[in-house]
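A short worksheet on the structure shown next.
The values are calculated or read from the model by the stated rules, or taken from the named source; none is laboratory data. Quantities reported herein were computed from a predicted structural model and do not represent experimental measurements. Glycine also receives a Cβ, built like all others from the backbone with ideal geometry; neighbour counts cover every protein chain displayed. Note: areas computed on protein heavy atoms with side chains; ligands, DNA, RNA excluded. Shrake-Rupley method; radii C 1.70, N 1.55, O 1.52, S 1.80 Å.
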Amino acid sequence: IACYNDQCLLLCSDSLVVEEPEFGETRYHSFRKLYPLGSHAAVVSAGAKVGIDLSIRLGELVAYRGLYDVEAIFPLAQGYLNQEYGRYVEEGRDWFDSHPDAYRRLYLVVAGYTFRDPARPFRLHLLGSESLQLPFELLPVASLLTMPRRLAFEMKLAAALARGSPSDLADLCLSYLRQLGDKEPDRVGAPYYAATITRAGFQWHPGAGPG
């Protein structure tokens, strides 16, 4: 889940990763999918697990470059993700060719605060690749996003954005993820993570972050 209003930008995610081996039973793992990028931005992935590895390494690159404004981070992120995902796809080309039913979707949200535009400080960028497509497609997105799309919740979240504080919005989204986890444990799983980004920077929501 990703959304913003005039107070903050909010990112939320579950941590379930499903492994479907060629032989044997389906396995369920827990990996964090949400990572800060410097002090005022973050990345969250959905789809193939390689997105988690790319997010971690992108965070390290942003820290090395000393970047903090999302409008400086996003061009770097876009180029880096295209390059590294391209390398991953090429290295696994033979495997993908011999496994036509293998999962081939990856989405990454790069979002954060920009000091360059005080009238519109929050930015939400969605990159998507289906069927190993490269470069990533920059997909249109408004002020809120759920993946996969959950229109009923999006309507509820849109109403809350008009009046909700950062803490209230995080609580709403986390409550929704927990409900989904109870109903669809093979698709959504704990622990759940939420972080807000404001002019003051990135902050994990209490009780919903690492450690």
Review point. Has the stretch 41-61 got any residue that is among the polar types (S, T, N, Q), open to solvent by 70 Å² or more (accessible area, probe 1.4 Å) and free of Cβ contacts under 8 Å to residues at least 60 places away in the same chain?
Key: no
Review point. Being modelled with pLDDT under 95 and closer than 30 Å to residue 92 by Cα, is that true of even one residue in the stretch 160-176?
Key: no
Check your understanding: Inside the stretch 82-115, can you point out the residues that are at pLDDT 95 or above, not in a helix (DSSP H, G or I) and not aromatic (Phe, Trp, Tyr)?
Key -> 106, 108, 109, 110, 111, 112, 114
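Name the residues in the stretch 35-53 that are under 22 Å from residue 18 (Cβ atoms) and touching a Leu at 6+ places or on another chain (Cβ under 6 Å), would you?
43, 44, 45, 47, 48, 51
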**Study point:** Selection from the stretch 129-145 of residues that are surrounded by fewer than 18 Cβ atoms within 10 Å (Cβ to Cβ) and under 23 Å from residue 85 (Cβ atoms)
**Key:** 130, 131, 133, 134, 135, 137, 138, 139, 140, 141
Study note, to complete from the structure: Among residues of the stretch 22-74 being in a loop (DSSP other than H, G, I, E, B) and on the phi > 0 side of the Ramachandran plot, the residue modelled with the lowest pLDDT is 24
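Can you tell me which residues in the stretch 189-201 are under 15 Å from residue 44 (Cα atoms) and either open to solvent by 40 Å² or more (accessible area, probe 1.4 Å) or modelled with pLDDT under 95 (or both)?
Within the stretch 189-201, the subset under 15 Å from residue 44 (Cα atoms) is 191-197.
Within the stretch 189-201, 191 is the sole residue that qualifies.
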Exercise for review: Considering only the stretch 186-204, state which residues are in contact (Cβ under 8 Å) with a residue 40 or more places away in the chain and not hydrophobic (A, V, I, L, M, F, W, C).
Suggested key: 186, 187, 189, 191, 192, 193, 196, 198, 199, 201
Review point. Under the condition of being in contact (Cβ under 8 Å) with a residue 40 or more places away in the chain and under 13 Å from the mean Cα position of the chain (by Cα), which residue from the stretch 17-40 is farthest from residue 208 (Cα to Cα)?
Key: 37
